[in-house]
Amino acid sequence: MSVEVPKNHVLLVFGATGDLAQKKLLPALARLVRKGKIGESPIVCIGRRNISRDEYIDIMDVHEGTYAGAEQLKEQLHYYSVDIKEDDPEEFAQFIQELSHDHNCNDNLAFYFALPNVLFKPAADFLNAGGLLNGPGDKKVAFEKPFGQDLESAQELHEQLTQLFNEEQIYRVDHYLGKELIENVLVFRFANAMFEHIWCNSCIDHVQVTLAEEFGAGGRADYYDTAGHVRDVVQSHILQALALTAMERPASLDPEDIRDAKHIVLNQLQPVTSENVVLGQYGSGKVKGEQVNGYRQEEDVPADSNTETFAAFKTYVDTDRWQNVPFYVRTGKRLDGNYVEINVVLNDISSQLFEEHPQLANHDVIRIRLKPDEGIHIQFHTKQPETRKRLELTSMDFCYPCTFGTDTPEAYESVFHELLKGDHTIFVRWDEIQASWRFTDTLLQTAVQHDYTFPNYTAGKGGPEAAINLIEKDKRTWLTVENKRE
Ligand code: BG6
């Protein structure tokens, strides 16, 4: 398979000593270098810590035993310590310009801000003061999510940043859009008549989007405790997955057409009502047989924190295609497993003719599984042998790694690659961000009307009781680890 190699850029990664850089960004860059996908572009890791390049490599454990490609990554890796409040922007700019010259980058610069969003503007000002945002060559900037804390702060951030960059130069990251299975939703729906023709309210009973994690929020409390789960994953990953599932056929595969189609869905999402939203926070419990702390006992979390670690809600997409089809979302930390899925549940027509069918999840389901075991799984009815009316749920599977091998791109690998290629398809446009914040701001305002007593769910289980009632009062059930037919 031929790989598109973008023109050389100096790639500057801000926030390069953080957890995200260590766990996701550096391994993704190593994969890109190993596969020859970014040519000889130098990678400059930037952090405040005053350490040498070798110390950086040791601290971040960029070693072959840690992940494949680490040795090759080192050959392209630089470290530069910067304090944006104290240091001389021109000295920094000179270092970058020399690097660009030495590696034939023609002043093409890609800035990746893996920073808290309050630092986006100061970091951009620092680059601007050194003259790095102007002059010849392409200048691109990627911002890690969340973009703002709510609609108002996002608006302010947008106004500040668009004084320095135009929308063409901006890449708002949601790494879920770089996941192979998320990119496949578009193909699955619009390249296959058998799915697209049933993708509407006459055949679909409801849709469930689940992002469940077994691990807690420990170690990231400085960020997570101020953000909470809704701002952390609903505003971005969940709503983007929902938009791709529900959007109309885009006019073309042009990034703007795809983003237009997603924007319509985000704009048409119906605000949640108070009886259709539940927040939660985990208490202590057992995960895989091991006793774990409750959220309030996690490192750096205040003992009286009211931050939510779970959210469930029901909404509707107000378009012709989706009239009366509920979209249920369930997401949280310290749940009963690590799985991310979009479950499209079809109308149950079996009971019109057959009496005996399984009690739970008694529907045909199209399951798009983002993790683990990425793939598409179709659950449908068959007859049990030697019976006429007794039904059994069975399945057909498309297993992504079985078909395409295990070296498929990781989400952040695609994020960096597309950034350097200059393709906006897997990045979020400003109007999508606005619509998403509008929805989650309202959701949070509505949810606080409930007087929650946290913690309200046990670690390692399926979430708060109220979240189970949220769907069961509609005579439906969550497709959880226990009741899915695999
Ligand atoms: C991040 C969130 O954006 O996505 C984390 O900040 C979450 O809280 C993570 O755990 C999930 O990403 P993935 O790719 O591991 O499913």
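The values are calculated or read from the model by the stated rules, or taken from the named source; none is laboratory data. In this text, all values refer to a predicted model and were calculated from it rather than measured experimentally. Cβ coordinates were reconstructed from backbone atoms using ideal geometry, including for glycine residues, and neighbour counts include every protein chain displayed.
Confirm whether GLU167 is over 30 Å from LYS461 (Cα atoms), charged (D, E, K, R) and touching a residue at least 60 places away in the same chain (Cβ under 8 Å).
For GLU167, the condition - over 30 Å from LYS461 (Cα atoms), charged (D, E, K, R) and touching a residue at least 60 places away in the same chain (Cβ under 8 Å) - is met.
Considering only residues that are on the phi > 0 side of the Ramachandran plot and either surrounded by fewer than 17 Cβ atoms within 10 Å (Cβ to Cβ) or away from the ligand (no atom under 13 Å from the Cβ) (or both), which ones fall in region 213-244?
GLY219
Would a scan of region 270-281 turn up a residue that is within 16 Å of the ligand (Cβ to nearest atom), touching a Ser or Thr at 6+ places or on another chain (Cβ under 7 Å) and closer than 13 Å to LYS333 by Cα?
Yes, region 270-281 contains a residue that is within 16 Å of the ligand (Cβ to nearest atom), touching a Ser or Thr at 6+ places or on another chain (Cβ under 7 Å) and closer than 13 Å to LYS333 by Cα.
Out of all the residues in region 409-467, which are in a loop (DSSP other than H, G, I, E, B), among the basic types (Lys, Arg) and under 26 Å from GLU374 (Cα atoms)?
Of region 409-467, the ones in a loop (DSSP other than H, G, I, E, B) are 409-410, 422-426, 429, 448-456, 460-464.
Then drop every residue that is not among the basic types (Lys, Arg), which leaves 429, 461.
LYS461, the sole residue that qualifies.
Given the residues ASP373, ASP304, which is the only one that is assigned to a loop (DSSP other than H, G, I, E, B) and over 23 Å from TYR223 (Cα atoms)?
Going through ASP373, ASP304 in turn, just one is assigned to a loop (DSSP other than H, G, I, E, B) and over 23 Å from TYR223 (Cα atoms): ASP373.
Residue by residue, here is whether (1) over 30 Å from VAL292 (Cα atoms); (2) buried (at least 20 other Cβ atoms within 10 Å of the Cβ); (3) not acidic (Asp, Glu) holds:
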site: ASP336; (1), (2), (3): no, no, no
site: GLU341; (1), (2), (3): no, yes, no
site: LEU346; (1), (2), (3): yes, no, yes
site: GLU386; (1), (2), (3): yes, no, no
site: LYS389; (1), (2), (3): yes, no, yes
site: THR403; (1), (2), (3): yes, no, yes
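Taking into account only those residues within region 403-423 that are away from the ligand (no atom under 14 Å from the Cβ) and among the aromatic types (Phe, Trp, Tyr), which is nearest to ASN184 (Cα to Cα)?
PHE404
How about region 235-276: which of its residues are of a type outside the set (S, T, N, Q) and under 22 Å from GLY216 (Cβ atoms)?
Within region 235-276, HIS237, ILE238 qualify.
Determine, yes or no, whether GLU159 is more than 30 Å from GLN281 (Cα to Cα), surrounded by fewer than 19 Cβ atoms within 10 Å (Cβ to Cβ) and out of contact with any helix residue (DSSP H, G or I) (no Cβ under 6 Å at 6 or more places or on another chain).
When the stated conditions are applied, GLU159 passes them.
In region 205-212, is there at least one residue being within 11 Å of the ligand (Cβ to nearest atom), surrounded by 22 or more Cβ atoms within 10 Å (Cβ to Cβ) and not in a loop (DSSP other than H, G, I, E, B)?
Yes, some residue in region 205-212 is within 11 Å of the ligand (Cβ to nearest atom), surrounded by 22 or more Cβ atoms within 10 Å (Cβ to Cβ) and not in a loop (DSSP other than H, G, I, E, B).
Specify which of the listed residues (ALA93, ALA123) is under 31 Å from the mean Cα position of the chain (by Cα), small (Gly, Ala, Ser) and modelled with pLDDT of 95 or more. Even if it seems obvious, please write down each step before you answer.
Working: ALA93 fails: under 31 Å from the mean Cα position of the chain (by Cα).
It is ALA123.
Yes or no: region 268-277 includes at least one residue that is closer than 22 Å to TYR452 by Cα, of a type in the set (A, V, I, L, M) and outside any strand (DSSP E or B).
Yes; the residues of region 268-277 include at least one that is closer than 22 Å to TYR452 by Cα, of a type in the set (A, V, I, L, M) and outside any strand (DSSP E or B).
Give the number of residues within region 348-363 that are surrounded by fewer than 20 Cβ atoms within 10 Å (Cβ to Cβ), at pLDDT 65 or above and closer than 22 Å to ASN324 by Cα.
5
Among (1) touching a residue at least 12 places away in the same chain (Cβ under 8 Å); (2) more than 16 Å from the ligand (Cβ to nearest atom), where does ARG330 come up short?
Checking ARG330 against (1) touching a residue at least 12 places away in the same chain (Cβ under 8 Å); (2) more than 16 Å from the ligand (Cβ to nearest atom), the one that fails is (2).
Pick from region 1-54 the residues that are part of a helix (DSSP H, G or I) and without any contact (Cβ under 8 Å) to a residue 12 or more places away in the chain: which of them is surrounded by the most Cβ atoms within 10 Å (Cβ to Cβ)? Walk me through it before giving the result.
Within region 1-54, the first condition is being part of a helix (DSSP H, G or I), and the residues that meet it are 19-34, 53-54.
With the extra rule that they be without any contact (Cβ under 8 Å) to a residue 12 or more places away in the chain, the set shrinks to 23, 54.
Values: LYS23: 12, ASP54: 10.
Per the criteria, the residue is LYS23.
Quick test for you: out of ARG388, ARG296, pick the one residue that is among the charged types (D, E, K, R), more than 16 Å from the ligand (Cβ to nearest atom) and in a helix (DSSP H, G or I).
Selected residue: ARG296, the only one of ARG388, ARG296 that is among the charged types (D, E, K, R), more than 16 Å from the ligand (Cβ to nearest atom) and in a helix (DSSP H, G or I).
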